[in-house]
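Presented below is the structure to which this report refers.
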Amino acid sequence: MRISINQQEIDVNPGETILEATRKTGINVPTLCYHEAFGGQGMCRMCMVEVKNGNTTRLVAACTYPIYEEIEVKTSTPAIEKIRRNIVTLLYRTAPKSEFMEKLYKEYNCVENQLSIDQDERCILCRLCVKACEEIGSSAISAIFRGTEKRVSTPFDEAATMCIGCGACAEVCPTDAIELSETDEERTIWNKTFAIVHCERCGQAFTTKEQLDYIVSRTGIESNVANLCEDCRKKNLAARINQFNQ
Ligand code: SF4
């Protein structure tokens, strides 16, 4: 089916979200809580766009709006830019330690800057970290408390038994709010320190013991392959295919 985005006609698949349609067309719609691995959450509202369907015009979150009708979309209007500027102002006040938010704050020409609750805060509560942890099956972190006290943490702020130290939460965080420190031997995240496993073949540090055990239990991967880093696994597979073909 065909829809129009910023007066440009484009083909979309029914059910595709407006955000997906804009991304494949190269039209930029800003997001904070969206990650292509998990889809949209509709939390941050940065991706608000204007949708005209017949005689009705309304603002919707592009990341969660599925397209089933021939709509007209505008991704930038004075009203939309004002919403985005307000969101950026609010989030920068919430997380003034975040360089990422500071950059956005300047990009959007925000003018208001009142004192934030915590000057050291970098988290904007987009919950991408919580989503990532759920997707890998650990659910070790969640949003705790309410109102101005709300934040993401492990249960009782203690080292979470469910955490396998994979670092996926830190990887997806747009504002670098999750502290992860690592040496060749150890990784520390969420108040828990994990021993690092080295590849049996090349010696490269590649994962935590807990993550490796988790992968083995989930996938049933053979133990002689599990202890290899990704590069060595590929080489191992190529060698086995070669052997098979001889
Ligand atoms: S490091 Fe721990 S909290 Fe973060 S995604 Fe992995 S299991 Fe979840």
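Just so it is clear, none of the values below were taken in a lab; they were calculated from the coordinates. Quick caveat: nothing in here was measured; it's all calculated off a predicted structure. With ideal geometry, Cβ positions are generated from the backbone for all residues, glycine too; neighbour counts draw on all protein chains shown.
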(request) Please express the shape of segment 110-246 as an equivalent ellipsoid: the semi-axes are the square roots of 5 times the eigenvalues of the C-alpha gyration tensor, given largest first in whole angstrom. (result) 37, 15, 14
(request) Run through the DSSP bridge list for the chain and note the antiparallel percent, rounded to the nearest 5. (result) 95
(request) With runs of 4+ DSSP H residues as the only contributors, calculate the mean residue ellipticity of the chain at 222 nm using -39,500 (n - 2.57) per run, divided by the residue total and rounded to the nearest 500. (result) -9500 deg cm²/dmol
(message) Residue by residue through segment 175-190, what is 3J(HN,Hα) from phi via Karplus (6.51 cos²θ - 1.76 cosθ + 1.60, θ = phi - 60°)? Round to whole Hz and write x for glycine and proline.
(response) 10, 6, 7, 9, 7, 9, 10, 8, 10, 5, 10, 9, 10, 10, 8, 6
(request) Specify which residue in the list ASN6, THR208, MET46 is farthest towards the positive end of the charge dipole of the chain, using unit charges on the beta carbon of Lys, Arg (+1) and Asp, Glu (-1), about the Cα centre. (result) ASN6
(message) I'd like the Karplus ³J(HN,Hα) series for segment 126-137: coefficients 6.51, -1.76, 1.60, θ = phi - 60°, whole numbers in Hz, and an x wherever there's a Gly or Pro.
(response) 6, 6, 4, 5, 5, 5, 4, 5, 5, 5, 7, x
(request) Starting from the Cα-Cα distance between ASP184 and LYS97, subtract it from 0.36 nm times their residue separation and give me the gain in nm to one decimal. (result) 28.5 nm
(message) With θ taken as phi - 60° and the coefficients 6.51, -1.76 and 1.60, list the Karplus ³J(HN,Hα) couplings across segment 13-27 in order, rounded to whole Hz; mark glycine and proline as x.
(response) 8, x, x, 5, 7, 4, 4, 4, 5, 5, 5, 6, 8, x, 8
(request) Could you tally up the Lys pairs in segment 2-128 with alpha carbons closer than 23 Å? Skip any pair fewer than 8 positions apart unless they're on separate chains. (result) 8
(request) Convert 10 °C to kelvin, take the viscosity as 1.306 mPa s, use the Kirkwood radius over C-alpha pairs of the chain as Rh, and evaluate the Stokes-Einstein diffusion coefficient in µm²/s, rounded to a whole number. (result) 76
